[in-house]
Amino acid sequence: MAELELKTGNLNRDTVKRVRQFLVDAGYQDRVMELDDTARSAEDAAISIGTELGSIVKSLVFSVQGQLVMALVAGDHRCAPENLARALNLTGDAGPADADTIKQTTGFSIGGVAPIGLSTALPMVIDRSLKRFDTIYAAAGHPHCVFSTNVEDLKRLTGGIVSYNIAVPADH
């Protein structure tokens, strides 16, 4: 019984409720689902959902000359930060943001950073390789919560641009 209460509780966490409300306010169904196992990493999420690693959206926050940006990258790819600034029409080198900065800016902790419902809007770029999948899964504000979508809806929800050169296949 305690496990069921904990499971239900994650959907009612403030960070998850913010994602759920964002979806509803944007005219989409509340598609947030709670997983029995963690989705803290792309590998964990794929196993928990029972889907291909590439269908998991990694929400990665970088700093380009002090401007925070988000790259939404397929789980079986790694971000190519050297191409990130150019994809967003910015100049300078991109480096990963630290955990405290990510939490302060997005309102989410690492492992549950959603691409929607952010505390502060960020420029976003979406890995084109995600188009391989009809359904993709992104974090929903907690390491046990994700939402399903597709690339076109993700683009509409985030205002992100789709780029072919911000990610490369990871060495697995």
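The values are calculated or read from the model by the stated rules, or taken from the named source; none is laboratory data. On a predicted model such as this, the values are computed, not experimentally measured, just so you know. In this analysis, Cβ positions are derived from the backbone assuming ideal geometry, glycine residues included, and neighbour counts consider all displayed protein chains.
Residue by residue, here is whether (1) surrounded by 15 or more Cβ atoms within 10 Å (Cβ to Cβ); (2) basic (Lys, Arg); (3) within 15 Å of the chain's Cα centre (by Cα) holds:
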site: LYS58; (1), (2), (3): yes, yes, yes
site: VAL69; (1), (2), (3): yes, no, yes
site: LEU90; (1), (2), (3): no, no, no
site: PRO115; (1), (2), (3): yes, no, yes
With a cut-off of at least 3 residues that are closer than 25 Å to ALA26 by Cβ and in contact (Cβ under 8 Å) with a residue 60 or more places away in the chain, name the strands (runs of 3 or more DSSP E) lying wholly within segment 38-120. 56-64, 67-74
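Checking the conditions here, which among ILE166, ILE161 is out of contact with any Asp or Glu (no Cβ under 7 Å at 6 or more places or on another chain) and over 15 Å from ALA42 (Cβ atoms)?
Answer to the check: ILE161.
For segment 37-45, does any single residue satisfy the condition of being of a type in the set (S, T, N, Q) and over 25 Å from PRO123 (Cβ atoms)?
Within segment 37-45 (the criterion being of a type in the set (S, T, N, Q) and over 25 Å from PRO123 (Cβ atoms)), the answer is yes, since at least one residue qualifies.
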Among the residues of segment 96-104, is any surrounded by fewer than 20 Cβ atoms within 10 Å (Cβ to Cβ), modelled with pLDDT of 95 or more and either touching a Pro at 6+ places or on another chain (Cβ under 7 Å) or of a type in the set (Ser, Thr, Tyr) (or both)? yes
Residues satisfying the stated conditions in segment 5-56, i.e. at pLDDT 95 or above, of a type in the set (S, T, N, Q) and within 14 Å of the chain's Cα centre (by Cα): THR15, SER55
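Go through segment 18-32 and give me each residue that's outside any loop (DSSP other than H, G, I, E, B) and exposed (fewer than 15 other Cβ atoms within 10 Å of the Cβ).
Hits for segment 18-32 are GLN21, VAL24, ASP25.
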All positions within segment 119-166 that are within 15 Å of GLY54 (Cβ to Cβ), surrounded by 21 or more Cβ atoms within 10 Å (Cβ to Cβ) and in contact with a Ser or Thr (Cβ under 6 Å, 6 or more places away or on another chain): ILE136, TYR137
Out of everything in segment 134-172 that is part of a loop (DSSP other than H, G, I, E, B) and of a type in the set (D, E, K, R), what residue ends up being modelled with the highest pLDDT? ASP134
